[in-house]
1. How do the pairs read when you match residues in the range 192-215 that are over 14 Å from CYS244 (Cα atoms) with residues anywhere that are aromatic (Phe, Trp, Tyr) and modelled with pLDDT of 95 or more, using Cβ under 8 Å and keeping only pairs 6 or more apart or on different chains?
2. Identify, from the list GLY153, GLY137, GLY158, the residue that is in the same structural domain as PHE373 (by TED's automatic domain parsing) and on the phi > 0 side of the Ramachandran plot.
3. Take residues that are free of Cβ contacts under 8 Å to residues at least 60 places away in the same chain and tell me which of the helices (runs of 4 or more DSSP H) falling wholly in the range 293-397 contain 1 or more.
4. Under 8 Å between Cβ atoms, at least 6 apart or on separate chains: pull out the pairs that start in the range 45-56 with a residue that is free of Cβ contacts under 8 Å to residues at least 60 places away in the same chain and closer than 24 Å to TRP247 by Cβ and end on any residue that is among the basic types (Lys, Arg) and in a strand (DSSP E or B).
5. Condition (residue is crowded, with 23+ Cβ neighbours inside 10 Å, part of a loop (DSSP other than H, G, I, E, B) and not β-branched (Val, Ile, Thr)) applied to the range 157-175: is it met by at least one residue?
6. Look at the range 354-371 and say how many of its residues are modelled with pLDDT of 90 or more and either aliphatic (A, V, I, L, M) or under 23 Å from VAL130 (Cα atoms) (or both).
7. Within the range 381-400, is there a residue that is surrounded by 20 or more Cβ atoms within 10 Å (Cβ to Cβ), closer than 17 Å to HIS161 by Cβ and charged (D, E, K, R)?
8. For the range 33-69, which residues satisfy the criterion of being surrounded by 11 or more Cβ atoms within 10 Å (Cβ to Cβ) and small (Gly, Ala, Ser)?
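The values are calculated or read from the model by the stated rules, or taken from the named source; none is laboratory data. Since the model is a prediction, treat every value here as computed from it, not as a measurement. Quick reminder, even Gly has a Cβ in these numbers, built from the backbone with ideal geometry, and neighbours come from all protein chains shown.
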Amino acid sequence: MYRVWNFVTNYSLLLIIGALIALVWANVDAASYHHFVEFPLWDHAPIGHAHYNDAGEVTYRTLTLHYLVNDLLMAFFFAIAAKEVWEAVILKEGSLRGKKAATPLFATAGGMIGPISVYLGLALFLGSDVYDAVARGWAIPTATDIAFSYLVGRLVFGAGHPAVRFLLLLAIADDAAGLIILAVFYPSGDLAPEWLLLSLGAALAVFFIFNWLPRRRDAGNQDRPNSTWVREKLGFWPYAVAACASWYGFMMAGIHPALGLLPIVPTIPHADRAFGIFSEAEQYLTDLLNHIEHILKHPVEIILFFFGLMNAGVEFSSISEPTWLVLAGLLIGKPVGVLLFGILGAHVLRLGLPAGMRTIDLFVIGCVAAIGFTVSLFIAAVAFDAGPVQDAAKMGALFSFAAAGISLLAGILTRVKKIPG
């Protein structure tokens, strides 16, 4: 696995610490916690939470600590996730290309349809009032936290088991689908799609001027003087400027700005091979895309700490129906969906499973993938306005850590044979 362990351990620990501090703080002194989270850094700022007049027009914006973390800084986290998705799809040996990715992609579809069905089905069973209150949160239990799922997957299967790689493929495809869901179904304000032209223009300009054109001029010249000059003299700065423009375009378009860097990621020069999802070995590649990811690694660890601190501060008294709906979607819908759709792909459509992996392992993988945490928290924060429903849904995302214990038990009951890596 090319030492993925160090990467996800670093990300996970800081995130957990931030979440635990928030959880304790909110239950000891909720007022001071919420005052801290919504602390205004800049009133009448060019970016931030919008304030509207009676005509529905934005009059001014306030940059709060919560907005800074969730809407601006988390863009770097999603950019790294997008980088892994992009390489997995575009490179010849990418992990989401070809037949080897077919069954994991079917399992991913099941791991999303299953939770949605359970969440909305149970909400409807509880009555129309509950359904109307929680229906917008249907995407919360679809998420899979890559870092935590990987850590638990190693404990259940062992680092060398083919199910661990299958789990990583499922998780990264799940994240890709989650990014699409966030962009399409959870706008951050009134839609103004014309502003997306700014993001598109920034992406096209930086690609053609600083990526395509130097390579075009270097065609047939092994010394690559133009590409070398752009890389050594300009580095990542043209892409940083384009990223700022793209982020602003997303904010003004009403699409969640945390996704604003996604159009820029494919424009950055990248290697022609990948070592695997979140592989530490890729830090030794010299292409600009991997270089930028390596630069962002430690800042994003700190960002995730603050993300946990800003979003996990939920009072235990807020536990209610949305909590159990999110949990049921994750703990029931995810394993069942992964198993059924995995069987459909592997056996009905005869796409097969990796050598050394059993059909029942699909169910265990689904249990591990039920750890939603990071992305589930993020979706809960954008799906509902601040208040009891949002807090209850966030508690369900936090409680999804129960999937770790369930996964270990499922591994024992299904007699998983650990394979050390």
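1. PHE210/TYR239
2. On inspection, the qualifying residue turns out to be GLY158.
3. Fully inside the range 293-397 and qualifying: 334-343, 360-369.
4. ALA45/ARG61; PRO46/ARG61; GLY48/ARG61; HIS49/ARG61; HIS51/ARG61
5. Yes, the range 157-175 contains at least one residue that is crowded, with 23+ Cβ neighbours inside 10 Å, part of a loop (DSSP other than H, G, I, E, B) and not β-branched (Val, Ile, Thr).
6. Total meeting the criteria: 9.
7. Looking through the range 381-400, none of the residues is surrounded by 20 or more Cβ atoms within 10 Å (Cβ to Cβ), closer than 17 Å to HIS161 by Cβ and charged (D, E, K, R).
8. Answer for the range 33-69, where residues must be surrounded by 11 or more Cβ atoms within 10 Å (Cβ to Cβ) and small (Gly, Ala, Ser): ALA45, GLY48, ALA50.
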